[in-house]
1. Give the residue that is modelled with the lowest pLDDT, with candidates limited to residues of the stretch 275-304 that are in a helix (DSSP H, G or I) and more than 20 Å from Thr253 (Cα to Cα).
2. Looking only at the stretch 10-29, filter to residues that are farther than 17 Å from Arg61 by Cα and more than 32 Å from the chain's Cα centre (by Cα); which one of those is least open to solvent (accessible area, probe 1.4 Å)?
3. Within the stretch 207-235, which residues are surrounded by fewer than 23 Cβ atoms within 10 Å (Cβ to Cβ) and within 21 Å of Leu165 (Cβ to Cβ)?
4. It is to be established whether one or more residues within the stretch 19-33 are in a helix (DSSP H, G or I), touching a residue at least 24 places away in the same chain (Cβ under 8 Å), under 29 Å from Thr190 (Cα atoms) and not β-branched (Val, Ile, Thr).
5. Residues that are out of contact with any Ser or Thr (no Cβ under 8 Å at 6 or more places or on another chain), on the phi < 0 side of the Ramachandran plot and small (Gly, Ala, Ser): which helices (runs of 4 or more DSSP H) entirely in the stretch 155-224 hold 2 or more of them?
6. With Ala32, Ala47 as the choices, which residue is open to solvent by less than 60 Å² (accessible area, probe 1.4 Å), among the small types (Gly, Ala, Ser), more than 26 Å from Arg3 (Cβ to Cβ) and over 25 Å from the mean Cα position of the chain (by Cα)?
7. Starting from residues that are among the hydroxyl-bearing types (Ser, Thr, Tyr) and open to solvent by less than 40 Å² (accessible area, probe 1.4 Å), keep the ones in the stretch 166-200 and report whichever is farthest from Ala156 (Cα to Cα).
8. Residues in the stretch 295-311 that are buried (at least 19 other Cβ atoms within 10 Å of the Cβ) and either within 21 Å of Val277 (Cβ to Cβ) or not assigned by TED's automatic domain parsing to the domain that holds Leu255 (or both): how many?
Amino acid sequence: MPRLPSSLLRHARRQHPLLPLLLRPCRDLSSARNELRWLREKALEVAQTTSPKTKWQVTLRQSCLERSRGMPLQYILGTQPFGNLEILCRPGVLIPRPETEAITTHLASLLQPPSAPTPSLYPKRTTKNKPLASQAPLRILDLCTGTGCIPLLLHALLSPHTPSLHISGIDISPRSTTLAHKNLTHNIKTGSLPQPAKKQLSFHQADIFSNNDSAQWAGHSTWDVLVSNPPYISPCAFNTTTSRSVRTYEPKTALVPHVNNNTAPPAIDHVDADTAVGDAFYPRLLCIAAQIHAKVLLMEVADFDQAVRVIGLLLATRAWEGCEIWRDEPGARKGRAEEEVVVGGGGCRFAFPSIIQKATPAEHRSSTLLQITQPRIKSKGMEANR
């Protein structure tokens, strides 16, 4: 990373003595000013709620020092916007990324029920003579849920159109599931989620590789949608492509698959051992999708190469009628043409999925959606939407 010009540091110091500290992680004056404003607001809030009251200037300076060392802003402020929600963020749990917010929002738009303006993936569950409220529940399972941001945002977006809704999040980390419960309570309290979310949303600790824990998701006969943003970074990529802030402060187990006897990836021709570790979760996710009879499967992947490898695993199952690869911010790419990707003799649409409704009728469809993103590698610009 290039050194900051001394002239820029002097200019920042003339504006505020703490701005040079924030220039180190921000790299530009505009972003540093924004962060200083947010940190000042947080310091004033802390000063009003602590007893005895702490001088807000002391808290602000400490926060700026932590930020200058690379601590993510979300851990210092304690929150991250995610759609219309405010997600509590704590060390030890992965920070939600804007890319994940974008695909969650887009998936929700495609899961609207038949009465909504844009029905697409939603299975038809009612006749003209049946009221909407009598529909069978729309059931969504999120594996590796972390903060619970995906289930919470899906509920916020779907509940106005889907009175009968059940969403469950699973994570191996008790710290994550505890925080997910806190996020549920917090967003109900702030009015961002309706009161029925208490009964329609649930979070459970479980190891998705353990057959002993499978009752958490296999106890129900079917789930309509399976979503997962699993650890997908290989050990080598973690060391060479992630930022120092990510490596130092965010949980590695949420980024790089932990390989043991249960999670060891199968040997695949032309795939080296390091790459195979990054792909370790996908065979298990496909297996669970088959167990729960999911009609839609959405998984985040790191890049196009990983997407192609996962498609190869998918086609080998012969269980899915269609597959699409999504880019970041899929809903913003209207009008773009789709391309065909051929893997092992099978086809997959490399789509900008505003056109996904052109596929087979919703009541007959089984779809796999692969979201290509690098949400855990990118760090710059995450705070821009605050």
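1. Pass one, the stretch 275-304, residues in a helix (DSSP H, G or I): 275-278, 281-291, 304.
This time we only want the ones that are more than 20 Å from Thr253 (Cα to Cα), so: 286-291, 304.
Working: Leu286: 93, Cys287: 92, Ile288: 92, Ala289: 91, Ala290: 90, Gln291: 89, Phe304: 85.
Among those that are in a helix (DSSP H, G or I) and more than 20 Å from Thr253 (Cα to Cα), it is Phe304.
2. Our first condition is that a residue be farther than 17 Å from Arg61 by Cα; within the stretch 10-29, this holds for 10-11, 27-29.
Narrowing further to those that are more than 32 Å from the chain's Cα centre (by Cα): 10-11.
Details: Arg10: 124, His11: 78 Å².
For the stretch 10-29, the residue satisfying everything is His11.
3. Hits for the stretch 207-235 are Gln216, Trp217, Ala218, Gly219, His220, Ser221, Thr222, Asp224.
4. So in the stretch 19-33, the residues in a helix (DSSP H, G or I) come out as 19-26, 29-33.
Now narrow it down to the ones that are touching a residue at least 24 places away in the same chain (Cβ under 8 Å): 21-22, 24-25, 31.
If we keep only those that are under 29 Å from Thr190 (Cα atoms) as well, we get 31.
Now narrow it down to the ones that are not β-branched (Val, Ile, Thr): 31.
Yes, because at least one residue in the stretch 19-33 is in a helix (DSSP H, G or I), touching a residue at least 24 places away in the same chain (Cβ under 8 Å), under 29 Å from Thr190 (Cα atoms) and not β-branched (Val, Ile, Thr).
5. On the way: elements: 174-189, 197-200, 215-218.
The helices (runs of 4 or more DSSP H) meeting that bar are 215-218.
6. Values: Ala32 fails: more than 26 Å from Arg3 (Cβ to Cβ).
After ruling out the rest, the residue left standing is Ala47.
7. Applying the first criterion (among the hydroxyl-bearing types (Ser, Thr, Tyr)) to the stretch 166-200 yields 168, 173, 176-178, 185, 190, 192.
Subsequent filtering for residues that are open to solvent by less than 40 Å² (accessible area, probe 1.4 Å) retains 168, 173, 176-177, 192.
Values: Ser168: 14, Ser173: 24, Ser176: 20, Thr177: 19, Ser192: 7 Å.
Per the stated criteria, the residue is Ser173.
8. First, pick out the residues of the stretch 295-311 that are buried (at least 19 other Cβ atoms within 10 Å of the Cβ): 295-302, 306-307, 309-311.
Next, only the ones that are either within 21 Å of Val277 (Cβ to Cβ) or not assigned by TED's automatic domain parsing to the domain that holds Leu255 (or both) stay: 299-302, 306-307, 309-311.
Total satisfying the criteria: 9.
The values are calculated or read from the model by the stated rules, or taken from the named source; none is laboratory data. All values derive from a computational prediction rather than experimental measurement. Here the Cβ is made from the backbone with ideal geometry for all residues, glycine too, and neighbour counts use every protein chain on show. These area figures cover heavy atoms from the full protein model, side chains too; ligands, DNA and RNA do not enter into them. Shrake-Rupley method; radii C 1.70, N 1.55, O 1.52, S 1.80 Å.
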